[in-house]
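The values are calculated or read from the model by the stated rules, or taken from the named source; none is laboratory data. Remember, it's a predicted structure, so these values are computed and weren't measured experimentally. As a convention, Cβ positions derive from the backbone with ideal geometry for all residues, glycine included, and neighbour counts pool all protein chains shown.
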Ligand SMILES: Nc1ncnc2c1ncn2[C@@H]1O[C@H](COP(=O)(O)OP(=O)(O)O)[C@@H](O)[C@H]1O
Ligand SMILES: [Mg+2]
């Protein structure tokens, strides 16, 4: 992990949905080149936090700061810098993988789209399916294409909400290989997960979001093995 300062900072992010306070002054920093995992129980507010950060939802209050610059509402800057993979794939069912990637390539003003899309489809193992409309694809195949879509624009920040959910072992291995490759390239990654094995394998630091609040953070130094991390989590969540 390279410590080169802040890539992304959230300050006092609050979100009210209906009459419920879902996020309560969430503040956190994602350092350049680090992988931060956000974990927490179901309903803690993780996906809400994710959507507010990537611009799918408007936070009720709080600031999003990317590389020291405060982001304005619906900023193109967020869209350019943050590649995100949430519960929705943002893919078009009637289009083929190639057509989906070309569509997003144009949207993100990607250069050499054809070449890049072909390479990415090989990378995610969809090369043989590239001309088939994706409506018949399995969850794993969709997720592979969604990953390719996110990588197309070469974002500096990757935000992933439960990316391993519903994937078979082979697809999990592929996803982790891609994440590790991005880590080597210096991409800053924020991963939301409740899969402790994956979190322990991938993250440099882990933070807990519980009942809409960030409660505790731990650096995954070499002495924190998987059982220790699980104990830390169980204790932290039981206390609050
Ligand atoms: N559109 C909505 N309106 C009202 N409450 C919502 C809405 N979406 C989510 N919630 C509530 O917000 C809380 C946090 O949900 P979510 O962010 O999806 O949690 P997590 O991803 O940690 O499981 C839950 O209690 C959920 O019921
Ligand atoms: Mg969620």
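Is it true that residue 53 is closer than 24 Å to residue 110 by Cα, in a helix (DSSP H, G or I) and either within 16 Å of ligand 2 (Cβ to nearest atom) or in contact with a helix residue (DSSP H, G or I) (Cβ under 7 Å, 6 or more places away or on another chain) (or both)?
yes
Name every residue in segment 114-129 that is over 29 Å from residue 52 (Cα atoms) and surrounded by 15 or more Cβ atoms within 10 Å (Cβ to Cβ), in order of residue number.
If the condition is that a residue be over 29 Å from residue 52 (Cα atoms) and surrounded by 15 or more Cβ atoms within 10 Å (Cβ to Cβ), then 116, 118, 121, 123, 125, 126, 129 are the ones that fit.
Quick one: count up the residues across segment 57-77 that are at pLDDT below 90, out of contact with any strand residue (DSSP E or B) (no Cβ under 8 Å at 6 or more places or on another chain) and assigned to a loop (DSSP other than H, G, I, E, B).
Residues flagged as at pLDDT below 90, out of contact with any strand residue (DSSP E or B) (no Cβ under 8 Å at 6 or more places or on another chain) and assigned to a loop (DSSP other than H, G, I, E, B) within segment 57-77 amount to 4.
Checking residue 37 against (1) farther than 30 Å from residue 226 by Cα; (2) within 16 Å of ligand 2 (Cβ to nearest atom); (3) buried (at least 19 other Cβ atoms within 10 Å of the Cβ), which test does it fail?
Just one mismatch for residue 37, condition (1).
Mind checking which residues of segment 78-106 are at pLDDT below 90, under 13 Å from residue 152 (Cβ atoms) and touching a helix residue (DSSP H, G or I) at 6+ places or on another chain (Cβ under 9 Å)?
Selection gives 79, 90.
Of the residues 29, 38, only one is under 23 Å from residue 176 (Cα atoms) and free of Cβ contacts under 8 Å to residues at least 60 places away in the same chain; which?
After applying the criteria, what remains is 29.
If the requirement is being surrounded by 14 or more Cβ atoms within 10 Å (Cβ to Cβ) and either within 16 Å of ligand 1 (Cβ to nearest atom) or farther than 20 Å from residue 181 by Cβ (or both), which of these qualifies: 101, 107, 91?
91
Is segment 6-19 home to any residue that is closer than 22 Å to residue 187 by Cβ, in contact with a helix residue (DSSP H, G or I) (Cβ under 8 Å, 6 or more places away or on another chain), away from ligand 2 (no atom under 15 Å from the Cβ) and in a loop (DSSP other than H, G, I, E, B)?
Looking for residues that are closer than 22 Å to residue 187 by Cβ, in contact with a helix residue (DSSP H, G or I) (Cβ under 8 Å, 6 or more places away or on another chain), away from ligand 2 (no atom under 15 Å from the Cβ) and in a loop (DSSP other than H, G, I, E, B), one finds none in segment 6-19, hence no.
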